[in-house]
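Please read the structure below before turning to the comments.
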Amino acid sequence: MRLGAVALAVAGVLFVLYPAVRPWEDESTTAGATAALGSGAWVASHLFAMIGFILVPLGLLALHRVLSRTGVERRALTALVVTWIGAGLVLPYYGAEDFALNAIASKAAAGQPLDLLDLVESIRFSPAAATMFGVGLVALGVGPVLAALAVWRSRVLPRYSGIPFGVGFALFLPQFFLPPAGRIGHGVLVAIGSLWLAWELWRVEAPRAR
């Protein structure tokens, strides 16, 4: 239970580091794309996001256990499963963003003849990859919202403690259309929601441990 709370807290920190560390160059130009995608900060920031997506379902697993036998355990289980599916669907896309684009940009920076922008577009907007990514992000929005509703109705945790978490993940897809400051602000919102829910999970387990 407490490991689930820790997983959720660490995920919150990683989701604010993701946009904060990410290099914000003009990726519509070859020079900007090469500088951003070929940097170590690009690899690190996307790794932060991928690890965060792995940790969030582990936190929801702890939440499901807390809410078991409260009348909302079915909703909590649905939230867990949907979020896990969403994470599984978005991780391949993040892997391509992180490792494939970085490898291409590194070759371009080394002077090898490549049409970098065309390759970037091909990787990012491949129909199968983009569809998986979009469906995964929708699932990642739906799962935490269901978790927030389960928290609200269970009366085991403070009713509002799941709201920022649910709202943050519901906005994960729209935030990609925001400027850098907005995306960093969204990361802060996800961190606040994850840390608050993690704290409440930690507190509810402490009396049982004693």
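Which value at 222 nm does the chain reach when only helices count, each DSSP H run of 4 or more adding -39,500 (n - 2.57), with the total divided by all residues and rounded to the nearest 500 deg cm²/dmol?
So the calculated ellipticity at 222 nm is -26000 deg cm²/dmol.
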Next item on the list: Equivalent ellipsoid semi-axes for the range 46-101, as square roots of 5 times the alpha carbon gyration tensor eigenvalues: give them largest first, rounded to whole Å.
Entry: 29, 10, 4
Next item on the list: Quick one: work out Rg over Rh on the C-alpha atoms of the range 69-108, Rh as Kirkwood radius.
Entry: 1.40
Margin query: Let's test the formula: R0 of 41 Å, r as the Cβ-Cβ distance of Arg65 and Phe99. What FRET efficiency results, to the nearest 0.05?
Written below: 0.75
Note to self: For a quick check of understanding: with a 1.4 angstrom probe and all protein chains in place, what accessible area in square angstrom does Val167 have, to the nearest ten?
What the structure shows: 70
Next item on the list: Mind giving me the nanometre distance, one decimal, between the label points for Trp24 and Leu117, set 7 Å out from Cα along Cα→Cβ?
Entry: 2.2
Next item on the list: Name the helices (complete DSSP H segments) of the chain with a Cα length along the long axis of 18 Å or more and a Kyte-Doolittle mean of at least 0.5, or state none.
Entry: 2-21, 40-66, 73-95, 127-154
Notebook entry, point to check: Counting alpha carbon pairs within less than 8 Å and at least 6 residues apart, what relative contact order, in whole percent, applies to the range 55-210?
Noted result: 25
Next item on the list: Inverting the mean 1/r over all pairs of different Cα atoms, compute the Kirkwood radius of the range 139-205 and quote it in Å.
Entry: 12.1
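Sequence gap at least 6, Cα distance under 8 Å: using those rules, report the relative contact order of the range 1-59 to the nearest whole percent.
Computed value for the range 1-59: 51 percent relative contact order.
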Item checked: Per residue, the convex hull volume that the Cα atoms of the range 1-51 enclose (Å³) -> 56
Check: In Å, the Kirkwood hydrodynamic radius of the range 83-182 over pairs of distinct alpha carbons?
Finding: 15.6
Next item on the list: Please report, largest first and rounded to whole Å, the three semi-axes of the ellipsoid equivalent to the chain, where each semi-axis is the square root of five times an eigenvalue of the C-alpha gyration tensor.
Entry: 36, 16, 13
Margin query: From the P(r) of the range 1-99, could you give the percentage of C-alpha pairs in the tail past 20 Å?
Written below: 47
Check: Separation between the Val188 and Tyr160 pseudo-spin-labels, each 7 Å from Cα along Cα→Cβ, expressed in nm?
Finding: 1.9
Item checked: Simple label model, 7 Å out from Cα along Cβ direction - Arg124 to Lys107, nm -> 1.9
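State, as an integer percentage, the relative contact order of the range 1-104 based on alpha-carbon contacts under 8 Å between residues 6 or more apart.
34
The values are calculated or read from the model by the stated rules, or taken from the named source; none is laboratory data. Please read all numbers here as calculations on a predicted model, not as lab measurements. Note: ideal-geometry Cβ built from the backbone for every residue, glycine included; neighbour counts use all protein chains shown. The area values use the complete protein model at the heavy-atom level, side chains included, leaving out ligands, DNA and RNA. Shrake-Rupley method; radii C 1.70, N 1.55, O 1.52, S 1.80 Å.
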